[in-house]
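**Q** Below is the structure I would like to discuss, written out as structure tokens.
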């Protein structure tokens, strides 16, 4: 299947439409030339409304961590964004519901195979971490993020940049002191060839 056909099929996907509170609206950012992959959870309500990935407070913090402005972050030729679920799953008792289970088996392997130039995969949140780092399922978020050097420089597990994680960030100042500068430096070196 050609990449344009694959993207069209993903954009028109309605596999779990009956179970989505606001209907299907897949939100991804994809180009086979991308060099960095952001593997997230699922779009939130604001992202569902705008159709722009990370168009919310989580995105603002993520761009700060990456050291990127909006223009570079939304350059699909450089940055791919593939959440575990492509559509807004709805609200749960504490935050949004988990990504729909139908999405990853239907699309993820095909999309990842169509990204041959990825140098760094940034893995946000437990659902993406369970998929991309299945051997770490037994670790807590703190244990996993503390062990980041084991997967570096090709994969980096991060806490989700959501404001819901403010307490975790305040309890773990080492993360923004040690990990974030390394991440921003790596992002700059990976994307630097763009100007050549």
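**Q** Does residue 170 count as more than 21 Å from residue 59 (Cβ to Cβ) and over 18 Å from the mean Cα position of the chain (by Cα)?
**A** Criteria not met by residue 170.
**Q** Can you tell me which residue among 101, 192, 119, 137 is farther than 18 Å from residue 41 by Cα and without any contact (Cβ under 8 Å) to a residue 60 or more places away in the chain?
**A** 192 is the lone residue from the list that is farther than 18 Å from residue 41 by Cα and without any contact (Cβ under 8 Å) to a residue 60 or more places away in the chain.
**Q** Continuing with this model, one more query. Which of the residues that make up the range 45-60 are touching a helix residue (DSSP H, G or I) at 6+ places or on another chain (Cβ under 7 Å) and in a loop (DSSP other than H, G, I, E, B)?
**A** Selection gives 53, 54, 55, 56.
**Q** Filter the range 61-78 down to the residues that are in contact (Cβ under 8 Å) with a residue 12 or more places away in the chain and in contact with a helix residue (DSSP H, G or I) (Cβ under 6 Å, 6 or more places away or on another chain), then identify the one that is surrounded by the fewest Cβ atoms within 10 Å (Cβ to Cβ).
**A** This residue is 67.
**Q** Same structure, new question: Give the range 148-189 a look and list any residue that's closer than 17 Å to residue 39 by Cβ, in contact (Cβ under 8 Å) with a residue 60 or more places away in the chain and outside any strand (DSSP E or B), or say none.
**A** 160, 161, 162, 183, 186, 187
**Q** Moving on. Report whether or not residue 121 is touching a strand residue (DSSP E or B) at 6+ places or on another chain (Cβ under 7 Å) and within 23 Å of residue 176 (Cα to Cα).
**A** Yes; evaluated as a whole, the condition is true for this residue.
**Q** Right, here's the next one. So, residue 139, is that one part of a loop (DSSP other than H, G, I, E, B) and over 18 Å from residue 66 (Cβ atoms) or not?
**A** In short, yes.
**Q** Kindly check whether there is at least one residue in the range 110-122 that is crowded, with 23+ Cβ neighbours inside 10 Å and either in a loop (DSSP other than H, G, I, E, B) or under 12 Å from the mean Cα position of the chain (by Cα) (or both).
**A** There is at least one residue in the range 110-122 that is crowded, with 23+ Cβ neighbours inside 10 Å and either in a loop (DSSP other than H, G, I, E, B) or under 12 Å from the mean Cα position of the chain (by Cα) (or both).
**Q** Return the only residue of 23, 44, 40, 51 being under 16 Å from the mean Cα position of the chain (by Cα), loosely packed, with under 13 Cβ neighbours inside 10 Å and either farther than 18 Å from residue 109 by Cβ or modelled with pLDDT of 95 or more (or both).
**A** Just one listed residue meets the conditions, 51.
**Q** Looking only at the range 61-84, which residues are closer than 20 Å to residue 125 by Cα, in a helix (DSSP H, G or I) and over 10 Å from the mean Cα position of the chain (by Cα)?
**A** Those that are closer than 20 Å to residue 125 by Cα, in a helix (DSSP H, G or I) and over 10 Å from the mean Cα position of the chain (by Cα): 61, 63, 64, 65, 66, 73.
The values are calculated or read from the model by the stated rules, or taken from the named source; none is laboratory data. Please read all numbers here as calculations on a predicted model, not as lab measurements. Note that each Cβ is placed from the backbone with ideal geometry, even for glycine, and that neighbours are counted across all protein chains shown.
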